[in-house]
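Working notes, structure below.
The values are calculated or read from the model by the stated rules, or taken from the named source; none is laboratory data. In this text, all values refer to a predicted model and were calculated from it rather than measured experimentally. All Cβ positions, even for glycine, are placed from backbone atoms using ideal geometry, and neighbour counts span all protein chains on display.
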């Protein structure tokens, strides 16, 4: 494994973790799971994606910067929208 591609590998790993989390954190797999716990898990993944974005932008290779920027932003925007919708659903259910 080449060290200069590490931010891309981390982004790929976080993408896989996000997909697995999306498919398993639901009411069918965990019937007694609270919505706030799911929000915290997705928020931790979003923070890790932000850290990967910064890590990728601090590399010296221009191609790695571009791919990391595109991949991480492409993952962070839908995940942030999903977190917002979950927070909205949590707020509606609490009221």
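Select, from 62, 28, the only residue that is out of contact with any strand residue (DSSP E or B) (no Cβ under 9 Å at 6 or more places or on another chain), exposed (fewer than 11 other Cβ atoms within 10 Å of the Cβ) and modelled with pLDDT of 90 or more.
Details: 28 fails: modelled with pLDDT of 90 or more.
Being out of contact with any strand residue (DSSP E or B) (no Cβ under 9 Å at 6 or more places or on another chain), exposed (fewer than 11 other Cβ atoms within 10 Å of the Cβ) and modelled with pLDDT of 90 or more holds for just one of 62, 28, which is 62.
Can you tell me which residue is nearest to the chain's Cα centre (by Cα) among those in region 49-59 that are within 13 Å of residue 11 (Cα to Cα) and surrounded by 15 or more Cβ atoms within 10 Å (Cβ to Cβ)? Before the answer, list the steps.
Filtering region 49-59 for residues within 13 Å of residue 11 (Cα to Cα) gives 49-57.
Next, from what is left, pick out any that are surrounded by 15 or more Cβ atoms within 10 Å (Cβ to Cβ): 49, 52-53, 55-56.
Values: 49: 5, 52: 10, 53: 11, 55: 15, 56: 15 Å.
Selected residue: 49.
Conditions (1) assigned to a helix (DSSP H, G or I); (2) farther than 30 Å from residue 5 by Cα; (3) touching a helix residue (DSSP H, G or I) at 6+ places or on another chain (Cβ under 9 Å), marked per residue:
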site	(1), (2), (3)
21	yes, no, yes
32	no, yes, no
41	yes, no, yes
45	yes, no, yes
52	yes, no, yes
59	no, no, yes
75	yes, no, yes
81	yes, no, no
84	yes, yes, no
Identify, by number, the condition in (1) loosely packed, with under 13 Cβ neighbours inside 10 Å; (2) not in a helix (DSSP H, G or I) that residue 93 doesn't meet. (2)
